[in-house]
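**Student:** My structure is below; once you've seen it, I'll send some questions.
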Ligand SMILES: [Zn+2]
């Protein structure tokens, strides 16, 4: 990466890559801003991923998003205030969510809160 010159191409999509906050994968190869945003992986795992593995990961996430967008719940189970389990019987899919915001934990008669 050069400070003022042309940025290298993202090995995934070919857009300009690099920058101070760029996600780096195996071999210190930097991704572009958009691919960096799409990757959802622990930093410790990123440094072990090849370009092909990142492409497979992003393809999986895009496929999963298409399934999520066509998901039509036929039944729903609320296991707690913050946890919902949904089933789409026609497509044989399931979905589970946990609100990542403040949850209430009741201890004895006092109520305290915590973050995940
Ligand atoms: Zn890219």
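Nothing in this text is a laboratory measurement; each read-out follows from the coordinates by a stated rule. None of these values were measured; they are calculated from a predicted model. Positions of Cβ are generated from backbone atoms using ideal geometry, with glycine treated the same way; all protein chains shown enter the neighbour counts.
**Student:** Between residue 48 and residue 61, what is the spin-label point distance in nm, taking each point 7 Å from the Cα along the Cα→C-beta axis?
**Tutor:** Roughly 1.9 nm, to one decimal.
**Student:** Roughly what would the spin-label model give for residue 68 and residue 26, points 7 Å off Cα along C-beta, in nm?
**Tutor:** 2.6
**Student:** Quick check: from the Cα gyration tensor, does the stretch 25-106 come out rounded (a/c under 1.5), prolate or oblate?
**Tutor:** Numbers: a/c = 3.37, a/b = 1.66, b/c = 2.03.
In terms of gyration-tensor shape, oblate.
**Student:** Give, to the nearest whole percent, the P(r) tail of the stretch 1-70 beyond 16 angstrom, counting all Cα pairs. Spell out each step's value before the answer.
**Tutor:** On the way: 1119 of 2415 pairs.
Summing the P(r) tail past 16 Å for the stretch 1-70 gives 46 percent.
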